[in-house]
Amino acid sequence: MRRIEPAIPNTLERSRWAKDALGAAVLRRLLAIKHEEYRQFMGEVAEQDWRW
């Protein structure tokens with residue numbers, strides 16, 4: 001299966017604005033949630049869907 005890394009969490013991880021606005025602890029929790037949502041979504045997308 002082809003892996004596509006999520007752009008939003010990777011961008012947020014490097015964002016000074018997000019860390020300043022949300023705080024480091026909240027940002028870590030938000031990113032943990034988003035990474036888990038992404039992992040679950042990727043587990044539901046069939047190989048055939050990626051080919052289309």
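The values are calculated or read from the model by the stated rules, or taken from the named source; none is laboratory data. It should be emphasised that the depicted structure is a prediction, and the values quoted were computed from it without experimental measurement. Methodologically, a virtual Cβ is constructed for each residue, glycine included, from the backbone with ideal geometry; neighbour enumeration extends over all protein chains shown.
Table: residues versus (1) touching a strand residue (DSSP E or B) at 6+ places or on another chain (Cβ under 8 Å); (2) modelled with pLDDT of 85 or more; (3) surrounded by 10 or more Cβ atoms within 10 Å (Cβ to Cβ).
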{"site": "T11", "(1), (2), (3)": "no, no, yes"}
{"site": "R14", "(1), (2), (3)": "no, yes, no"}
{"site": "L27", "(1), (2), (3)": "no, yes, yes"}
{"site": "I33", "(1), (2), (3)": "no, yes, yes"}
{"site": "D49", "(1), (2), (3)": "no, no, no"}
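Filter segment 35-47 down to the residues that are among the acidic types (D, E) and under 16 Å from L12 (Cβ atoms), then identify the one that is surrounded by the most Cβ atoms within 10 Å (Cβ to Cβ). Let's see the steps before the verdict.
Within segment 35-47, the subset among the acidic types (D, E) is 36-37, 44, 47.
Those still in the list that are under 16 Å from L12 (Cβ atoms) too: 36-37.
Values: E36: 10, E37: 12.
Checking each candidate, the answer is E37.
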